[in-house]
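The values are calculated or read from the model by the stated rules, or taken from the named source; none is laboratory data. Values in this document were obtained by computation on a predicted structure and should not be read as measured data. Every residue, glycine as well, gets a Cβ built from its backbone with ideal geometry; the counts of neighbours run over all protein chains shown. Accessible surface areas use protein heavy atoms only, side chains included; no ligands, DNA or RNA. Shrake-Rupley method; radii C 1.70, N 1.55, O 1.52, S 1.80 Å.
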Amino acid sequence: SQAYLAEAQRLSHTGSWARNEYSGEAVWSRELFQIFGYDPATTGPPGRAQLSRERVHPEDRALYDEMTERRHAEQKDYEFDYRIILPEGAIRHIHSLGHPVFDESGNLAEFFGMAMDVTERKQAEEQLREGARTLRLTTETIPHLIWSARPDGYIDYCNQRLLDFTGMTMAEIRSLGGVFHHPDDVESRSKMWRAALTTGQPYELECRIRCADGSYRWTC
């Protein structure tokens, strides 16, 4: 069972710890030592050395101290994120959570906790955000009319060029639907749009869109 637990922690980059609130002594799992860059064979008792705090990023140390104080004061479950700096200079993102255990008299006896290295997840999230920013910048700068809609047909985005071209706001485009198309093109455009929503297939259509000045221009 211990071997299975150790392997599960290694694979999930999750370390566990337990602190005795009477003595102040703490026990760390091997993976927790690995996460914080310590050698369990040569490192002293975690409860006395404040090992985890020594690794906390300076910008996150105030948050770390606040959560530690709150943990003792409130004596309830907690969860927060912070960064650590390893000896070689690498910065890792940690997701920490803890749970209190009380004795028969209702006094706090122990705190159990886990620390998960979520660096890869944070990096992936940042890449997604950066990709979204790049896409938005692209759609706002290229000389094309761009929009997107959800599978139910709800229009969730129009670039500024399209709004300027039609002289309409997002709310107006959503509420008025195809009114900014030429009357002779509304039926064919609506039919093709409904078919695309039903089948999920792409479509291509040339139609006329009313400009802000009231004139119509052909678009594809």
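Counting protein heavy atoms only, the chain has 53 percent of its accessible area on carbon and sulfur, 1.4 angstrom probe.
The stretch between ALA212 and ALA149, if pulled fully straight at 0.36 nm per residue, gains 20.5 nm over its current Cα-Cα span. Counting 0.36 nm for each residue step from MET192 to GLU172 and taking away their Cα separation leaves a gain of 5.0 nm. Accessible-area rank, largest first, for THR198, THR119, THR68: THR198, THR68, THR119, with all protein chains present and a 1.4 angstrom probe. Placing one equal scatterer on every Cα of the chain and applying the Debye formula, the log10 ratio I(q)/I(0) at q = 0.13, 0.14 Å⁻¹ is -0.79, -0.85. For the chain, modelled as a GNM whose springs connect Cα atoms under 10 angstrom apart, the maximal fluctuation among GLY131, GLY37, GLY153 occurs at GLY153. Multiplying the residue separation of ALA124 and GLU66 by 0.36 nm and subtracting their alpha-carbon distance yields 18.1 nm. Against the main long axis of the alpha-carbon atoms of the chain, helix 119-141 sits at an angle near 20°. Leaving out ligands, DNA and RNA but keeping every protein chain, what accessible area does HIS181 have, in Å² rounded to the nearest 10, with a 1.4 Å probe? HIS181 has an accessible surface of roughly 10 Å² with all protein chains in place. When shorter helices are ignored and each DSSP H run of at least 4 residues is given -39500 (n - 2.57), the per-residue value for the chain at 222 nm works out to -12500 deg cm²/dmol.
With an a/c value of 1.5 or above and a/b not larger than b/c for the gyration tensor axes a ≥ b ≥ c computed over the alpha-carbon atoms, the range 130-179 is described as oblate.
Electrostatic tally near LEU63: other residues with Cβ closer than 13 Å to its Cβ, Lys and Arg +1, Asp and Glu -1, net -2. Between TRP147, TRP28, TRP17, the GNM of the chain built on Cα springs shorter than 10 angstrom shows TRP147 fluctuating the most. Rounded to the nearest 0.05, what FRET efficiency is calculated for GLU204 and ASP184 with R0 set to 22 Å and r the Cβ-Cβ distance? Plugging the Cβ-Cβ distance into 1/(1 + (r/R0)^6) gives 0.75. For the chain, set up a Gaussian network in which alpha carbons nearer than 10 Å are linked by springs, and say which option among LYS76, LYS122, LYS191 fluctuates the most. Between LYS76, LYS122, LYS191, it is LYS191 that shows the largest mean-square fluctuation.
In square angstrom, what is the accessible area per residue of the chain with a 1.4 angstrom probe? Can you show the working numbers first?
Numbers: 14150 Å² over 220 residues.
So the chain comes to 64 Å² accessible per residue, rounded to a whole number.
Taken along the Cα-to-beta-carbon direction at a fixed 7 Å, the label points for LEU86 and HIS57 span 1.5 nm.
Among the GluC sites (Glu not before Pro) found in the range 98-188, those both in a DSSP coil and sparsely packed, with 11 or fewer other Cβ atoms within 10 Å of their Cβ, are GLU104. Just check the range 89-220 against the gyration tensor rule for me: Cα atoms, a ≥ b ≥ c as the square roots of the eigenvalues, rounded for a/c under 1.5, and otherwise prolate or oblate depending on whether a/b exceeds b/c. Because a/c hits 1.5 or more and a/b exceeds b/c, the range 89-220 counts as prolate.
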